[in-house]
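Notes follow once the structure below has been shown.
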Amino acid sequence: MKQHVPNVLTLLNLLCGSIAVIFVIDNNFIAASLFVFLGIFFDFFDGFVARKLNVQSELGLQLDSLADMITSGLVPGLIMYKLLSLTVNTSDKINNDWSSNTDWLDFNLPILPLLGLLVTLASAYRLANFNLDTEQQSYFKGLPTPANTLLIVSLPLIMEFQNNDLINAIILNKWFLIGLTFLSCYILNANIKLFALKFKDWSFKTNATRYIFIILCIVLLIVLQFAAIPVIILLYIIMSLVDNLTSK
């Protein structure tokens, strides 16, 4: 039975991601974010449990990527689509009268917001590449999809809970969102070595970068709240680059 425990956690990740999709479509970003956080939580612990129980399997690896494709691939792409939709003069209302929607020529689909779905495509490419790359056991090449998802999910949360006019204007600037979309697609698949939060032992000497990063994350979250998430992602990349230079 223990071999199925990690897979159950992975399926819970998939369930949370699927529910998050529904909430994003309904423009409920807070509820969607909650289920994304839960999904990422299950995503972290399915691998941890699999290693502790020594039940890693090829099935688990493939299932994990399929679940991540929804929680950390489709959801951030849809959120970026929704945010870009707010920057153009289009209605977000859906006509529920199916009889009036039989003519596809009358369907108004704005082009610009579709750029947000590039995040989903880049996430799919990264996840497929990750499954084939045998080197990414103790580190990552490019930003992991859950981290990228947290970055994008943080945007509506910052607007909702911190509600600063200047920050809101920046987030809802179409050029900022377009730039972030392309940056996200690049950093997901960039050949940059980033450290993983996997501890082989608990000594500070061998895990100094990880411990310092975790402490800084806690401090930033306390001080900046949701606005800390983009800063943490940037800090993660910078600390990884520094770690790469010092380890040579």
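The values are calculated or read from the model by the stated rules, or taken from the named source; none is laboratory data. Because the structure is predicted, anything quoted here is derived from the model rather than measured. All Cβ positions, even for glycine, are placed from backbone atoms using ideal geometry, and neighbour counts span all protein chains on display. Only protein heavy atoms, including side chains, enter the accessible area calculation; ligands, DNA and RNA are left aside. Shrake-Rupley method; radii C 1.70, N 1.55, O 1.52, S 1.80 Å.
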Between residue 215 and residue 164, 0.36 nm times their residue separation minus their Cα-Cα distance comes to what?
-> 15.7 nm
To the nearest 10 square angstrom, what accessible area does residue 68 show with a 1.4 Å probe?
-> 10
Relative to the longest principal Cα axis of the chain, at what angle does helix 228-246 sit, 0 to 90 degrees, rounded to 10?
-> 40
In Å³ and rounded to a whole number, note down the convex hull volume per residue for the Cα atoms of the range 1-81.
-> 65
At a Förster distance of 35 Å, what's the computed FRET efficiency of residue 88 paired with residue 129, Cβ-Cβ distance as r, to 0.05?
-> 0.60
For residue 190, distant residues with modelled amide H under 5 Å away | 143
Hey, what do the phi angles of the range 8-14 turn into as Karplus ³J(HN,Hα) couplings, whole Hz, using 6.51/-1.76/1.60 and θ = phi - 60°, x for Gly and Pro?
-> 5, 5, 5, 5, 5, 4, 4
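Relative contact order of the chain: what whole-number percent is it, with Cα pairs under 8 angstrom and at least 6 residues apart?
19 percent.
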Measuring from label point to label point, each 7 Å out along Cα→Cβ, what is the residue 208 to residue 27 span in nm?
-> 5.1
May I ask for the equivalent-ellipsoid semi-axes of the range 100-248, computed as the square root of five times each C-alpha gyration tensor eigenvalue and listed largest first in whole Å?
-> 33, 22, 12
Computed [θ] at 222 nm, helices only, for the chain once each DSSP H run of length n ≥ 4 contributes -39500 (n - 2.57) = -21500 deg cm²/dmol
In order through the range 146-154: 3J(HN,Hα) via Karplus (6.51 cos²θ - 1.76 cosθ + 1.60), integer Hz, x for Gly, Pro = x, 5, 5, 5, 4, 4, 6, 5, 5
Taking θ as phi - 60°, what are the ³J(HN,Hα) couplings along the range 32-39 by the Karplus curve (6.51, -1.76, 1.60), each to the nearest whole Hz, with x for Gly and Pro?
-> 4, 5, 4, 6, 5, 4, 5, x
Take a quick pass over the range 135-248 and tell me how many lysine pairs come in under 18 angstrom between Cα atoms, counting only ones 8 or more apart or on separate chains.
-> 5
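Explain nothing, just the number: relative contact order of the range 140-248, from Cα pairs under 8 Å at least 6 residues apart, as a whole percent.
Relative CO of the range 140-248 lands at 40 percent.
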